[in-house]
């Protein structure tokens, strides 16, 4: 029996929180409209990253889940990098441009000390694309 894990790509999920003093709307706006496009413009990201997604926490759904008695995570969002290998993602995260351009920009609106990284291997069970 072959492994159910995809071998053509991997993902790195990064849970992120907003910087104290930044409201949720400003956090989401800046992340989507300024920071995201800045990251996507890096040559190393264009070469190494197959997909870059931002998952912004939906406040109404969060409240509904809490009201339904569900335990919810206290994060403002999640970055999802998809690439052929973890090495390609790490190459981006260790690059000079990432450290000179992306980290200083992220410090404007994210609490980088709270970021948590989770490398994940994919098993696709339903895909209605």
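Values quoted throughout were computed directly from the atomic coordinates according to the rules given, and no laboratory measurement underlies them. All values reported here derive from a predicted model rather than from experimental measurement. Every residue, glycine as well, gets a Cβ built from its backbone with ideal geometry; the counts of neighbours run over all protein chains shown.
Annotations for the structure displayed:
- Of the residues 118, 110, 78, the one that moves most in a GNM of the chain with alpha-carbon contacts below 10 Å is 118.
- Sequence-separation-based contact order of the chain, relative, with Cα cut under 8 Å and 6+ spacing, percent: 50 percent
- Considering the stretch 20-120 at the alpha-carbon level, its Rg and Dmax are found to be 14.9, 45 Å.
- Residue 121/residue 40 FRET efficiency (R0 35 Å; Cβ-Cβ; nearest 0.05): 0.90
- Modelled label positions at residue 33 and residue 9, each set 7 Å beyond Cα in the direction of Cβ, lie 2.8 nm from each other.
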